[in-house]
Amino acid sequence: MGTSTQAYGEPWYWDNRYSSESGSFDWYQKYPSLAPLINLYIPRHVHPRILVVGCGNSAFSEGMVSDGYEDVVNIDISSVVIEAMKKKHSNHPQLKYIGMDVRDMSEFQSGSFDAIIDKGTLDSILCGNDSRNNAPKMLKEVWRVLKDNGVYILVTYGAPVYRLQLLRDSCSWRIKLHVIDKLLSEEGSEHPIQELTNPVPIDDNGSSVEAVLGKNPDVHYIYVCTKDESLKPE
């Protein structure tokens with residue numbers, strides 16, 4: 001593990017990176033390729049309040065607003081990127097940018113959001129220092145600020161054998177799994193390994209996924225985690 005990945009949880013690392021980067025960058029997938037899944041789980045007609053964690057300088061939230069979403073809050077640990085995005089989107093009242101650490105979102109009341117989108121933020125924390133403590137901290141905060149029956153959409157390179165237990169140990173979720181080809185273009189792949197909007201069956205440890213997708217599929221995994229307070233242990 002390199003020094004830079006160990007610093008993924010540190011504001012200075014991201015401030016340095018965004019100070020030297022121009023233009024937008026999207027981790028894993030751009031909005032058009034994920035839009036059918038976002039539309040499925042976050043219906044626009046209910047006017048949802050959405051939180052994008054670790055937004056960086058991604059164009060993803062801009063894509064959501066162009067697609068009809070009206071209240072998209074973005075947070076990032078880097079004050080450099082937040083200030084840049086505030087300026088860039090000053091004419092878009094639907095987009096809000098706030099400097100915040102996803103491990104401590106005390107500025108938000110519990111049950112504030114209908115949906116939370118995470119493209120690479122949990123993965124960054126898992127690559128960083130003290131991930132054993134930081135990842136559960138993040139997930140507990142995500143769970144807290146979601147409304148009951150709200151959805152946390154996690155886009156990750158982590159297969160079920162690496163992610164399911166972490167998700168289940170941290171909070172009480174109902175979990176569905178979707179996958180998308182890593183190289184899927186915005187126009188769509190002619191032969192995707194699995195249709196994006198069709199969930200992949202998952203058993204307790206995630207081993208059933210291999211039967212559907214084969215070994216080491218070249219996909220990003222998308223965990224749709226629905227907050228369910230009725231599942232909380234007494």
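Things worth noting here:
- Here the condition is being within 24 Å of Y157 (Cβ to Cβ) and acidic (D, E); of D101, D71, it holds for D101 alone.
- The selection criterion, being closer than 18 Å to L146 by Cβ, hydrophobic (A, V, I, L, M, F, W, C) and surrounded by fewer than 19 Cβ atoms within 10 Å (Cβ to Cβ), does not hold for L51.
- In region 60-101, the residues that are modelled with pLDDT under 95 and touching a Ser or Thr at 6+ places or on another chain (Cβ under 8 Å): V80
- Criterion violated by V81 - all others in (1) part of a strand (DSSP E or B); (2) closer than 18 Å to Y28 by Cβ satisfied: (1)
- Residue match in region 177-187 (condition: free of Cβ contacts under 8 Å to residues at least 24 places away in the same chain and open to solvent by 90 Å² or more (accessible area, probe 1.4 Å)): yes
- Of the candidates S170, S185, the single residue that is of a type in the set (G, A, S), within 19 Å of the chain's Cα centre (by Cα), at pLDDT below 95 and closer than 23 Å to V52 by Cβ is S170.
- Number of residues in region 83-131 that are acidic (D, E) and at positive phi: the value is 1.
- P199 meets the conditions (1) out of contact with any Asp or Glu (no Cβ under 8 Å at 6 or more places or on another chain); (2) surrounded by 22 or more Cβ atoms within 10 Å (Cβ to Cβ) in every case but one. The failed one is (2).
- Answer residue from region 88-126, given it is of a type in the set (D, E, K, R) and part of a loop (DSSP other than H, G, I, E, B) and is surrounded by the most Cβ atoms within 10 Å (Cβ to Cβ) among those: R103
- Residue that is modelled with the highest pLDDT [pool: residues in region 202-224 that are open to solvent by 70 Å² or more (accessible area, probe 1.4 Å), assigned to a loop (DSSP other than H, G, I, E, B) and not charged (D, E, K, R)]: N216
- Extreme residue, surrounded by the fewest Cβ atoms within 10 Å (Cβ to Cβ), among residues of region 54-78 that are part of a helix (DSSP H, G or I) and small (G, A, S): S66
The values are calculated or read from the model by the stated rules, or taken from the named source; none is laboratory data. Predicted, not measured: the structure shown is a model, and the values here were computed from it. Cβ sites come from the backbone with ideal geometry, for glycine too, and all protein chains shown count toward neighbours. The area values use the complete protein model at the heavy-atom level, side chains included, leaving out ligands, DNA and RNA. Shrake-Rupley method; radii C 1.70, N 1.55, O 1.52, S 1.80 Å.
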